[in-house]
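Visitor: The following block contains the structure, expressed as structure tokens.
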Amino acid sequence: GESVGLHLPTLSVQEGDNSIINCAYSNSASDYFIWYKQESGKGPQFIIDIRSNMDKRQGQRVTVLLNKTVKHLSLQIAATQPGDSAVYFCAETTSGTASKLTFGTGTRLQVTL
Amino acid sequence: DTGVSQDPRHKITKRGQNVTFRCDPISEHNRLYWYRQTLGQGPEFLTYFQNEAQLEKSRLLSDRFSAERPKGSFSTLEIQRTEQGDSAMYLCASSFPRPEKLFFGSGTQLSVL
């Protein structure tokens with residue numbers, strides 16, 4: 001079936017550096033994408049979303065880029081902090097599918113001091 | 001706390017026993033979702049409600065699983081005759097007004113011995 005996957009299972013960055021987490025998706029009909037952050041023992045926390053009619057969206061210290069040509073999206077975290085250490089998931093859905101999100105397997109971000 | 005609330009946080013049971021989990025969504029949210037997450041994987045959709053109506057169920061939801069949302073507010077997920085393969089984190093999420101922007105609870109971690 002259609003799925004969303006991630007290139008890197010673990011990413012280690014130094015505090016203060018920028019982080020880039022990548023995600024590939026295979027469902028060309030997907031038109032809405034979300035990045036979630038999940039800390040140990042907690043549920044996924046919404047970070048930022050983007051619709052397929054956009055290429056880029058910025059939030060506070062985070063930016064999501066969408067490349068529909070190659071079915072790729074990325075999450076950029078500026079000035080990574082220890083509190084950013086978590087597992088990050090991208091998720092996708094298609095309008096009219098009852099908002100059923102398809103998640104990838106996640107990337108663990110480790111921030112070193 | 002006005003977020004999605006789940007109870008219990010942890011449940012240990014013996015194989016063959018029945019278990020029930022509760023979810024209290026954010027109060028004004030009319031959509032409620034159940035997802036299941038195993039270690040190292042992203043959440044997988046199980047079912048969702050709009051108000052009290054259960055509108056979709058995943059084929060992951062075997063006949064041992066039943067979910068209800070009797071008054072369109074809180075929801076329960078019951079698993080009958082639990083199996084070891086049911087061990088997972090059960091996540092509840094809710095959304096409104098944008099149906100695709102899901103807010104997750106912290107989950108119920110089920111361990112079947």
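The values are calculated or read from the model by the stated rules, or taken from the named source; none is laboratory data. Quick caveat: nothing in here was measured; it's all calculated off a predicted structure. Cβ atoms come from the backbone with ideal geometry, glycine included; neighbour counts cover every protein chain shown. Accessible surface areas use protein heavy atoms only, side chains included; no ligands, DNA or RNA. Shrake-Rupley method; radii C 1.70, N 1.55, O 1.52, S 1.80 Å.
Visitor: May I ask for the net charge around B:Ser95, where only other residues with Cβ less than 9 Å from the Cβ of B:Ser95 are counted and Lys, Arg are +1 while Asp, Glu are -1?
Guide: +2
Visitor: Less than 22 Å apart at the alpha-carbon level, and either on another chain or at least 8 residues along: which lysines does that give for A:Lys42?
Guide: The reachable lysines, counting only those whose Cα sits under 22 Å from A:Lys42, are A:Lys100, B:Lys11, B:Lys101.
Visitor: Further question: Give the accessible area for B:Glu56 in Å² (nearest 10); use a 1.4 Å probe, count only protein heavy atoms, and leave out ligands, DNA and RNA.
Guide: 50 Å²
Visitor: Mind grabbing the accessible area of A:Ser28 for me, 1.4 Å probe, Å², rounded to tens?
Guide: Estimated to the nearest 10 Å², A:Ser28 gives 90 Å².
Visitor: Where the centroid of each part is defined by its Cα atoms, how far is the range B:70-101 from the range A:16-49 in Å?
Guide: Here the answer is 21 Å between Cα centres.
Visitor: Which length gain, in nm to one decimal place, applies between A:Asn18 and A:Gln110 when the Cα-Cα distance is subtracted from 0.36 nm times their residue separation?
Guide: Here the answer is 31.9 nm.
Visitor: Buried accessible area for the B:A pair, summed, 1.4 Å probe, in Å² rounded to 100?
Guide: Roughly 1600 Å² of accessible surface disappears when B and A pair.
Visitor: Taking 30 Å as R0, compute the FRET efficiency from the Cβ-Cβ separation of A:Ala29 and B:Leu55 and round it to 0.05.
Guide: E between A:Ala29 and B:Leu55, to the nearest 0.05, is 0.90.
Visitor: Another question, if that's okay. Sort A:Val64, A:Val70, B:Val4 by accessible area with a 1.4 Å probe, largest first.
Guide: From most accessible down to least: A:Val70, B:Val4, A:Val64.
Visitor: Report the calculated FRET efficiency for A:Thr10 and B:Glu83 (r = Cβ-Cβ distance, R0 = 41 Å), to the nearest 0.05.
Guide: With R0 = 41 Å, the Cβ-Cβ based efficiency is 0.85.
Visitor: Under a 5 Å amide H to amide H cut-off, with H placed in plane at 1.01 Å, what residues pair with B:Ser111 once short-range neighbours are removed?
Guide: The list, which skips near neighbours in sequence, is B:Lys11, B:Ile12, B:Thr13.
Visitor: Please work out how much accessible surface B:His10 shows to a 1.4 Å probe, ignoring ligands, DNA and RNA, in Å² rounded to 10.
Guide: Accessible surface of B:His10 is approximately 130 Å².
Visitor: Another question, if that's okay. Could you list which residues have their amide H under 5 Å from that of B:Glu56, counting only those 5 or more apart in sequence or on another chain, with H placed in the peptide plane?
Guide: Those qualifying (amide H under 5 Å, at least 5 residues apart or on another chain) are B:Tyr48.
Visitor: Roughly to the nearest percent, how much of the accessible area of the range B:18-113 is carbon and sulfur, given a 1.4 Å probe?
Guide: Carbon and sulfur: 46 percent of the exposed surface of the range B:18-113.
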